[in-house]
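To start, the structure under review is shown below, and the notes come after it.
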Amino acid sequence: MVGKITERIGVFGGSFDPVHIGHLIIAQDAIEQLELDRLIFVPAAIPPHKLTHKLVEGRHRFEMLELATANNLRFEVSDLELARGGVSYTFDTIQHLQTEHPGAELFFIIGLDSLVELHLWRNIDELLEICTVVPFGRGGEDPERVAEKSQLSKVWKTRLLDRLIRIHEVDVSASEIRMRIAEGLSIQTLVLPEVEMYIAEHNLYT
Ligand code: ATP
């Protein structure tokens, strides 16, 4: 018999190099639309996809997430991928979180565009079965077009599109923030003040 679900927990993975207002808005939108009790940010040690830049140390990315989420009771940060080290596979992370939170339903949120390469993720068939993968989309993308490009089975494409949540469109990325810092431009409106201060104090991204 399947046990009673005691909690609805969101899981949001990424590099968070650094965490910015776009990430926070996605997290808040997910909490509201999926009626989550809480959402856990999980910074990756080494993301499986090819990196375009060298990440700052995990302890910095973790600390910036802690600062950015401190005022929201439903936001949490986990260092489980950083502590595990090596390439961070979502399947391992979800299995770990399930052991930590027996009885909870885990909602793993991913950008809609990730559906295109989702078939390449480690143990994807099992991952789709053991948690609820929920794509989030920004206004500009056509979900049907993205699904067409995906190599998942028709059943899974339909299921995932049915779960799609819409998030506020915020045109900000961590790469832009890193670039602006390197060029001496302000990042004041793109990250929380605590994160901006942390970056300056630790001389990151210069
Ligand atoms: P980078 O610019 O270094 O690639 P990023 O800003 O996309 O970083 P990640 O840590 O890779 O940040 O983000 C985790 C997830 O959040 C990814 O799926 C990414 O596509 C998504 N994301 C980041 N910023 C936004 C945004 N402004 N709107 C919607 N999704 C976003």
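Structure above, values below:
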quantity: Solvent-accessible heavy-atom area per residue, rounded to whole Å², over the range 1-56 at 1.4 Å; calculated: 49
quantity: Cβ-Cβ FRET estimate between Gln188 and His49, R0 fixed at 35 Å, reported to 0.05; calculated: 0.75
quantity: Protein accessible area in the range 8-171, 1.4 Å probe - carbon and sulfur %; calculated: 48
quantity: Using a Förster distance of 30 Å, the FRET efficiency for Leu120-Glu35 (Cβ separation, nearest 0.05); calculated: 0.45
quantity: Distant-in-sequence amide H partners of Ile110 (H built 1.01 Å from N, under 5 Å); calculated: Val134, Phe136
quantity: Three semi-axes of the equivalent ellipsoid, the range 8-171, Cα gyration tensor, whole Å, largest first; calculated: 23, 18, 17
quantity: Mean separation of Cα contacts under 8 Å (6+ apart) over length of the chain, as relative contact order %; calculated: 25
quantity: Mean separation of Cα contacts under 8 Å, 6 or more apart, over the residue count of the range 37-123: relative contact order %; calculated: 35
quantity: For the range 130-136, Karplus couplings with θ = phi - 60° (6.51, -1.76, 1.60), whole Hz, Gly/Pro x; calculated: 8, 9, 9, 7, 10, x, 10
quantity: Whole-number D in µm² s⁻¹ for the range 39-94, Kirkwood Cα-pair radius fed into Stokes-Einstein, 37 °C, 0.692 mPa s; calculated: 276
quantity: Under the span-like rule (Cα at least 18 Å along the axis, Kyte-Doolittle mean at least 0.5), DSSP H helices of the chain; calculated: 21-34
quantity: Alpha carbon centroid spacing (whole Å) that separates the range 77-153 from the range 1-53; calculated: 10
quantity: Average Cα contact separation per residue, the range 128-206, under 8 Å, 6 or more apart, as relative contact order %; calculated: 28
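The values are calculated or read from the model by the stated rules, or taken from the named source; none is laboratory data. Note that this is a predicted model, so its numbers are computed, not measured. Every residue, glycine as well, gets a Cβ built from its backbone with ideal geometry; the counts of neighbours run over all protein chains shown. These accessible areas exclude ligands, DNA and RNA; they are computed on the full protein's heavy atoms, side chains included. Shrake-Rupley method; radii C 1.70, N 1.55, O 1.52, S 1.80 Å.
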